[in-house]
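To start, the structure itself, in structure tokens.
The values are calculated or read from the model by the stated rules, or taken from the named source; none is laboratory data. Computed from a prediction, not measured in an experiment: that's the story for all the values here. Positions of Cβ are backbone-derived with ideal geometry, glycine not excepted, and every protein chain shown enters the neighbour counts. Heavy atoms of the whole protein, side chains included, go into the accessibility calculation; ligands, DNA and RNA do not. Shrake-Rupley method; radii C 1.70, N 1.55, O 1.52, S 1.80 Å.
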Amino acid sequence: MTTYILLMLAALIVLLLILLYVAMTKQTAVDLGPIREDNARRRERLSERLGVLAQNAQELKVISSDISNFKNILMGNKQARGSFGERQLEDLVSDVMPPETFEFQCVLQNGVRPDCVIKLPYPPGDMVIDSKFPLESYARMGENEMYRKQFELDVRKHIDAISEKYIIPGITAESAMMFIASESIFETLHREFPATIDYAARKKVFIVSPATLWASLNTIRAVLSDIKIKRVAAQIKKELDMLLTDLSRLSDRTGKLQSHFSQAV
């Protein structure tokens, strides 16, 4: 695309030079002073416009490079893609959740190391979020039906792995999350593979994108705040009950002391 724009700029320059030459040859009998001044002004404006177009072409080249780099991250090697997904997951969780309610790369009791754990009281228990996602077959899914079936099979295998490793009865929550760092892939899954979405639900694995994870985390934070408020309210009620008990005892003792004074008098 950048090469095409540069060719168009070159053609535009040649055309403008031809027009200037024709205009000059038609007016040779006229006083050349004003014409030369007008041509100089036109060349100056032309130079400014060409400078702006060249700058825009350079910016377009940079944007194309950024898009290419982003595609390489998503469709490239597993390590780069995993780092991108983990980073995006960490940014989302850190922006929404209080620091004491989550932990990254911690080791569970069965020895596995999930990408993120949202700490919740039991029940329901800690919620695990996995940010890895199989994209090798997705990049070639449009070539033929074989890659489409392979993509669906890879997603189901990943769902099975999350369900087996990150859902521990009595320790973690009864469900886990599979984070997909791309909204378009998330939308493709729901539009073209509804059976896989149902399969994930049966395995108690919730598939989330950046937008849906953000909404889910805000809901979890609201629930945690409500639990904390109830816990503090229960503690305050307990302290008030104890205070009332102490006041009742103090009243009884004051009454007995008053009785003793009356007997002494």
**Asked** Which pairs do you get when a residue that is among the charged types (D, E, K, R), found in the stretch 94-116, comes within reach of a residue that is assigned to a helix (DSSP H, G or I), reach meaning Cβ atoms under 7 angstrom, with the pair 6+ apart or on two chains?
**Response** 115/86; 115/89
**Prompt:** surrounded by fewer than 19 Cβ atoms within 10 Å (Cβ to Cβ), at pLDDT 90 or above and in contact with a helix residue (DSSP H, G or I) (Cβ under 8 Å, 6 or more places away or on another chain), is that true of residue 156?
**Reply:** yes
**Request:** Being closer than 15 Å to residue 85 by Cβ and either among the acidic types (Asp, Glu) or open to solvent by 30 Å² or more (accessible area, probe 1.4 Å) (or both) narrows it down to one of 164, 183, so name that one.
**Result:** 183
**Message:** Is it the case, given these coordinates, that residue 188 is under 28 Å from residue 92 (Cβ atoms), open to solvent by 60 Å² or more (accessible area, probe 1.4 Å), out of contact with any Gly (no Cβ under 8 Å at 6 or more places or on another chain) and assigned to a helix (DSSP H, G or I)?
**Reply:** no
**Asked** What is the one condition in (1) in contact with a Phe, Trp or Tyr (Cβ under 8 Å, 6 or more places away or on another chain); (2) modelled with pLDDT of 85 or more that residue 85 does not satisfy?
**Response** (2)
**Asked** Looking at (1) touching a residue at least 12 places away in the same chain (Cβ under 8 Å); (2) among the hydrophobic types (A, V, I, L, M, F, W, C); (3) not in a helix (DSSP H, G or I), which is the one condition that is false for residue 162?
**Response** (3)
**Request:** Output the residue which, of all residues in the stretch 108-139 that are open to solvent by 30 Å² or more (accessible area, probe 1.4 Å) and small (Gly, Ala, Ser), is nearest to residue 185 (Cα to Cα).
**Result:** 139
**Message:** Restricting to the stretch 140-152, give me the number of residues that are open to solvent by 80 Å² or more (accessible area, probe 1.4 Å) and either assigned to a helix (DSSP H, G or I) or at pLDDT 85 or above (or both).
**Reply:** 3
